[in-house]
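In what follows, a structure is listed as structure tokens, so that the remarks can point back to it.
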Amino acid sequence: MNILLRLFTSSLGKKFLMALTGAGLFLFVIGHLVGNLQVFLGPESINRYGHFLQTTPEILWPSRIGLLAFVIIHIWTSISLTLENRTARVTGYEVKELVAASTASRTMIWSGLIIFAFVCFHLAHYTLLVVHPEFRDLQDAHGRHDIYQMLVLGFSSYWVSGFYVLSIGLLCIHLSHGTSAMFQSLGLKNAEYACAIDRFAKVVAVLIFLGYISIPIAVLAGVVK
């Protein structure tokens with residue numbers, strides 16, 4: 001009980017929680033990308049994938065609840081640590097370190113909030129179907145929800161695709177900083193591997209960015225239609 005309390009009350013515990021939830025969200029981003037890229041294999045592949053998820057609530061709902069918990073904890077720890085850093089009393093050389101750190105933290109906070117707004121819109125658009133209720137009626141030849149056609153119709157809008165590309169760009173900037181910090185907080189980053197980890201974080205962020213934006217670009221270019 002004391003260990004759990006320290007995780008949520010101490011700065012070290014919050015950093016660990018932020019890193020742990022960040023790792024979980026990072027894996028989700030990659031898994032979600034792999035699923036979405038099936039759109040390039042055609043309607044059958046991605047519709048079959050979507051149907052599998054929709055018809056296995058024992059997998060879908062625990063994943064959704066766990067993901068929501070990770071998001072809440074990640075946002076809370078991030079804001080809490082940023083506020084602690086701003087109120088910390090430091091002098092001399094430590095002040096310079098805090099200024100540099102808080103600049104990066106402010107960037108992470110704002111990009112994180114914009115990403116959160118994007119995720120809310122994305123869920124309303126493609127999961128809750130609030131933006132386009134007519135998407136509920138889309139079905140393929142097998143009677144499954146036509147996710148392929150839904151993606152094509154959704155990304156045919158330039159402003160939707162533009163907001164998507166912008167948000168994914170911010171997400172990947174967030175990941176390039178956050179992945180490196182995650183290794184640090186989990187005690188997996190030292191002077192010997194620091195440069196390699198930083199490079200790895202940037203390369204993965206770029207690959208994720210290219211993977212995600214390839215979908216709206218392919219739709220607008222008429223490659224996926």
Subject >> Subset of segment 49-59 [of a type in the set (A, V, I, L, M) and either farther than 14 Å from I147 by Cβ or loosely packed, with under 11 Cβ neighbours inside 10 Å (or both)] >> reply: I59
Subject >> helices (runs of 4 or more DSSP H) within segment 1-91 that include 3 or more residues among the aliphatic types (A, V, I, L, M) >> reply: 2-9, 11-36, 57-87
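FYI, it's all coordinate maths here, none of it is from the lab. Note that the coordinates shown come from a computational prediction; the quantities given were computed from them, not determined experimentally. Every residue, glycine among them, receives a Cβ derived from its backbone with ideal geometry; neighbour counts consider all protein chains shown.
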